[in-house]
Each structure stands twice: as C-alpha cells, then as structure tokens.
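The values are calculated or read from the model by the stated rules, or taken from the named source; none is laboratory data. Since this is a predicted model, take the numbers as computed values, not measurements. Using ideal geometry, Cβ is built from the backbone for each residue, glycine included, and neighbour counts are taken over all protein chains shown.
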Amino acid sequence: MIKHFAAVFATLMFIAGTPSAALASERATPDEAVAMVKKAVAAIKANGKDKAFADFADPANKDFHDRDLYIYVYDLSGNNVSHGNNPKMIGKNLLDMKDADGTAIIKSFIDTANSKGKGWVDYKWPNPVTKAVEKKSGYVEKVDNLVVGSGIYKP
C-alpha cells in the first residue's frame, strides 16, 4: 500500500510540475532573441528595408514571430519604422517614451546601439502572449542608421 501511495504521489508531483515547464517553453530565451535580431539585420542587408520591414510586420512569417518574440526597428532619431507586434507605433517618434518605472526605452536602445553597436536594455513592456506588463530585456543591434531589436520577457 505504501509503495502504491508513493508511486501515485510521485506521479502527481510530476504532473504538477509539468505546467511550469510548459510555461517556461512559451517564453523565448536570450539566445533566441539574439538570433532573431541577427536574422533581421541580415534580411535588411540582403533584401532592403521595404521587403524586410514587410516581413517583420507579417505575423505569419515565423522567421520574425515566435511566441513572445518579434522585431522592432527605430531610426537614430527615435522614429519607429517597423514593429512586428504593434503597427500603430510605425511612423511615430517615440524617443521620449518611458515605461512605468521611468526608463526611457527608445533612448536607451539608441544609446546602447550608438555606444556599443549592440547590447541589452531592461524595461517593462506588455507581453503579447500574457497581455500583462512584464519585465523585459531587449537586445538591439545597430545597422546603418537603424536600431533593430527583439526582446525576452523575464519570469
């Protein structure tokens, strides 16, 4: 009887642990974000801005949309020129946009891209999967006069 109880308990504990593992796989990793940005930079260089931006905007294009990952692009003045999750941002100057904690998100992207060529910026942003405002780290790279980025949501 005790062996049976132990087996049932172990099975229940395994099942209870499964949702958290599934949730973890719903979130992208830093390596996946970096890889997507590098793929986006290569697309801009190979296909030109117009074609690349159209690909970034197309949710059916799985090269640039994966779970909570998508591509965003800003010029060095803070104008959004492409956004894979919110097309209403395109054409707007968002240089002074701040998150709930006062982080100047786009300015930080540009500063990081200009000073290092690439890097990570921490801020808070709505997660397209959970719809909640969450901690996010955006990875950005400078290409010509553009800042290309994608980011991960932190648990």
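The listed residues are S115, S108, S82, S150, and the only one of them that is more than 24 Å from R27 (Cα to Cα) and hydroxyl-bearing (S, T, Y) turns out to be S115. Among the residues of region 120-155, the ones that are within 20 Å of D96 (Cα to Cα), buried (at least 17 other Cβ atoms within 10 Å of the Cβ) and over 12 Å from the mean Cα position of the chain (by Cα) come to 4 in all.
In this structure, K88 does not qualify as surrounded by fewer than 18 Cβ atoms within 10 Å (Cβ to Cβ), touching a residue at least 40 places away in the same chain (Cβ under 8 Å) and farther than 24 Å from T29 by Cβ.
Contact annotation: residue pairs with Cβ atoms under 6 Å, 6 or more positions apart or on different chains, pairing a residue in region 97-111 that is within 14 Å of S150 (Cα to Cα) with a partner that is outside any helix (DSSP H, G or I) and of a type in the set (D, E), are I105/D99. Residue check: M13 meets all listed conditions (1) at pLDDT 95 or above; (2) among the aliphatic types (A, V, I, L, M); (3) loosely packed, with under 12 Cβ neighbours inside 10 Å but one, namely (1).
Whenever a residue of region 137-153 is touching a residue at least 24 places away in the same chain (Cβ under 8 Å), its partners that are of a type outside the set (A, V, I, L, M, F, W, C) and not in a strand (DSSP E or B), lying with C-beta atoms within less than 6 angstrom and at least six residues away or across chains, give the pairs V140/T112; K142/G117; I152/P30; Y153/R27; Y153/D68; Y153/N127. Restricting attention to region 23-80 and to residues that are without any contact (Cβ under 8 Å) to a residue 60 or more places away in the chain and in a strand (DSSP E or B), the residue that is farthest from V143 (Cα to Cα) turns out to be D66.
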